[in-house]
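The values are calculated or read from the model by the stated rules, or taken from the named source; none is laboratory data. Values in this document were obtained by computation on a predicted structure and should not be read as measured data. Here the Cβ positions follow ideal geometry from the backbone for every residue, glycine too, while neighbour counts run over all protein chains shown. For the accessible areas, the whole protein counts, side chains as well, though only heavy atoms, and no ligand, DNA or RNA atoms are used. Shrake-Rupley method; radii C 1.70, N 1.55, O 1.52, S 1.80 Å.
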Amino acid sequence: MMTVSSANLPKISIEAIVERIFAFRQITPLDRRLLKSAMLAQKGLNEKDQCHINRVCQGIQNGLILVVE
């Protein structure tokens, strides 16, 4: 399995990552790494990004988003 370091990840907005997650109705390991990288790149999450992250968490809890390993 090829691993991708955070330094090599492209700069993608949290909103774009979340849109992709909902479009495919799943969150992959790459999606999780991209989200983590995007969140750590900011000094703090704004309200809009917090809402996007909350949507993903709720989607997982409600079975709308499949967690792929």
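Odds and ends about this structure:
- Set of region 11-44 residues, backbone N closer than 19 Å to the point 7 Å along the Cα-Cβ line of Q61: 18, 22, 26-27
- Prolate/oblate/rounded call for the chain, Cα gyration tensor, a/c under 1.5 rounded: oblate
- Working from label points 7 Å from Cα in the Cα-to-Cβ sense, the R32 to E47 distance is 3.1 nm.
- By a 1.4 Å probe calculation restricted to protein chains, C57 has an accessible surface near 60 Å², given to the nearest 10.
- In the chain, Cα pairs under 8 Å separated by at least six residues give a relative contact order of 43 percent.
- Spin-label pair N54-S13: with each label point 7 Å from Cα along the Cα-Cβ axis, the two points sit 1.9 nm from one another.
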